[in-house]
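Participant: First the structure, which I've put down as structure tokens, then a few questions once you've had a look.
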Amino acid sequence: MFSSLHNRNYRLFAAGQMVSNTGTWMQRLAQDWLVLKLTGSAMALGITTGLQFLPMLLFGLWGGAVADRYGKRRLLIATQAAMGLLAAILAVLDLAGVVDVWHVWLLALGLGFATAIDNPTRQTFVVEMVGRRDLPNAISLNSANFQLARITGPAVAGLLIAAIGTGWVFAVNALSYIAVILGLLAMRARDLTPTAPVKREPGQLREALRYVRARPDLLAVFALVGFVGTFGFNFAVTLGGFANQVFHAGPGAFGLLNTVFALGSLGGALLAARRGRSRMGMLIGAAFAFGALSMVAAVMPGYWSFALALVPIGIAGITFNTAANSTVQLSVDAALRGRVMGLYMLVFMGGTPLGGPLVGWIAETYGPRVALLFGGLVSASTAVAVGMILARRTGKRLRLRVRPHPAVHVVERTPTPRPDPVAA
């Protein structure tokens with residue numbers, strides 16, 4: 001489960017990410033609270049989130065091209081320093097009592113631009129630290145790291161906001177980036193296997209698009225990631241609706257739902273770390289399970305039954321995420337890995353500004369149950385459609401096995417024997 005941690009460079013990276021991810025989740029909560037305090041508007045909060053994700057939607061592929069052109073460790077130091085600086089500016093403005101909502105919007109947009117470069121660079125740097133054999137394990141541990149920070153970060157932020165205010169939370173997040181930078185600087189360069197930088201040439205973005213378009217297996221992954229990420233992963237919208245409108249519970253119950261979902265995701269990430277290389281059958285099966293379980297949760301009658309249903313959803317969702325990430329990284333040419341992962345992150349995260357408002361509208365108009373049911377239906381249907389298309393293209397078929405444990409396998413199609421005309 002923890003084989004990647006035998007690698008010294010990856011240990012340094014994981015430790016820095018644990019500190020930084022916790023700080024990031026702290027800032028998310030503090031930033032939302034600050035915007036609500038300044039404006040009292042949910043729309044202003046939505047604008048803040050949209051501005052943070054917009055650069056990924058518009059420039060995600062370009063960020064991948066930057067990752068291919070430069071040394072990834074040096075580039076990560078630059079992006080992490082930029083993110084820390086943006087957090088420090090917000091801390092100073094807040095502590096000085098001069099912060100306005102447009103400051104938050106501008107800094108959120110700047111963070112989005114840094115993230116558009118940082119995400120594909122960070123994703124592709126993992127293979128340079130641990131190699132191809134341990135890549136799936138390292139990706140799963142990264143997800144576990146993120147989910148653990150998701151549990152602890154908001155809890156710590158809530159205490160700090162109540163005790164000393166949002167400004168100091170931003171300051172703590174700014175300091176957290178130092179841990180990542182120090183870890184990157186302390187790495188042994190001789191233990192890394194860096195990919196040779198690609199020289200800047202015209203048409204490099206189109207080259208990545210042509211490469212993906214010519215690969216049916218990659219198109220299948222991108223289709224799954226696009227639909228599931230856009231319509232399925234909208235729990236920030238639906239969980240609040242369930243807590244408030246369906247079960248008429250308070251903020252504590254809402255926080256518990258988020259914690260339970262994160263615990264399920266953490267368990268799924270640790271289970272994924274025990275597996276070897278992910279295969280297409282697992283990816284399709286995890287997407288279908290995620291959608292089906294979401295539909296089951298949508299009709300749960302009580303608060304506790306709904307909360308318990310979130311655990312397997314978290315497991316299936318993180319299994320899908322880690323399988324998709326490792327499948328793409330292990331199947332692309334090293335020279336194109338940054339651009340392909342930039343496109344991957346664009347598809348996965350870029351759909352949030354589109355799917356979030358749509359699911360939010362469904363939840364507001366027809367109720368949170370219908371919104372969650374819709375997301376699950378789209379996810380499960382996409383998995384079935386992708387499986388059928390791949391089966392037809394490759395001459396293979398999907399086989400569902402229930403015992404000794406549920407699994408989906410891709411098997412060769414057995415040709416139907418034809419009678420021998422001579423013998424007849």
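Participant: Filter region 272-330 down to the residues that are of a type in the set (Val, Ile, Thr) and closer than 14 Å to residue 224 by Cα and list them by number. Spell out the reasoning first.
Facilitator: Step one: list which residues in region 272-330 are of a type in the set (Val, Ile, Thr), which gives 284, 296, 299, 311, 313, 315, 318-319, 322, 327-328.
Hits for region 272-330 are 284, 318, 319, 322, 327, 328.
Participant: Looking at 205, 239, which one is of a type outside the set (Val, Ile, Thr) and surrounded by fewer than 16 Cβ atoms within 10 Å (Cβ to Cβ)?
Facilitator: 205
Participant: Okay, next question. Can you name every residue in region 31-63 that is of a type in the set (Gly, Ala, Ser) and surrounded by fewer than 20 Cβ atoms within 10 Å (Cβ to Cβ)? If you could, list the steps in order and put the result at the bottom.
Facilitator: Residues of region 31-63 of a type in the set (Gly, Ala, Ser): 40-42, 44, 46, 50, 60, 63.
Result: 40, 41, 42, 44, 46, 50.
Participant: How about region 129-147: which of its residues are out of contact with any helix residue (DSSP H, G or I) (no Cβ under 6 Å at 6 or more places or on another chain) and assigned to a helix (DSSP H, G or I)?
Facilitator: Matches in region 129-147: 142 only.
Participant: Restrict the check to region 64-75 and report whether at least one residue is of a type in the set (D, E, K, R), crowded, with 21+ Cβ neighbours inside 10 Å and part of a helix (DSSP H, G or I).
Facilitator: To start, the set of residues in region 64-75 that are of a type in the set (D, E, K, R) comprises 68-69, 72-74.
Next cut, crowded, with 21+ Cβ neighbours inside 10 Å only: 68, 72.
Now restrict to residues that are part of a helix (DSSP H, G or I): 68, 72.
Yes, the conditions are met somewhere in region 64-75.
Participant: The conditions are (1) crowded, with 19+ Cβ neighbours inside 10 Å; (2) at pLDDT below 85; (3) not basic (Lys, Arg), and residue 191 fails exactly one of them. Which is it?
Facilitator: (1)
Participant: Additional query: Which is touching a residue at least 12 places away in the same chain (Cβ under 8 Å) and within 30 Å of residue 131 (Cβ to Cβ), of 253, 243, 236, 220?
Facilitator: Every option except 220 fails the conditions.
Participant: Another question about this same structure. Can you find a residue in region 171-186 that is surrounded by 16 or more Cβ atoms within 10 Å (Cβ to Cβ) and more than 30 Å from residue 31 (Cα to Cα)?
Facilitator: no
The values are calculated or read from the model by the stated rules, or taken from the named source; none is laboratory data. Note that this is a predicted model, so its numbers are computed, not measured. With ideal geometry, Cβ positions are generated from the backbone for all residues, glycine too; neighbour counts draw on all protein chains shown.
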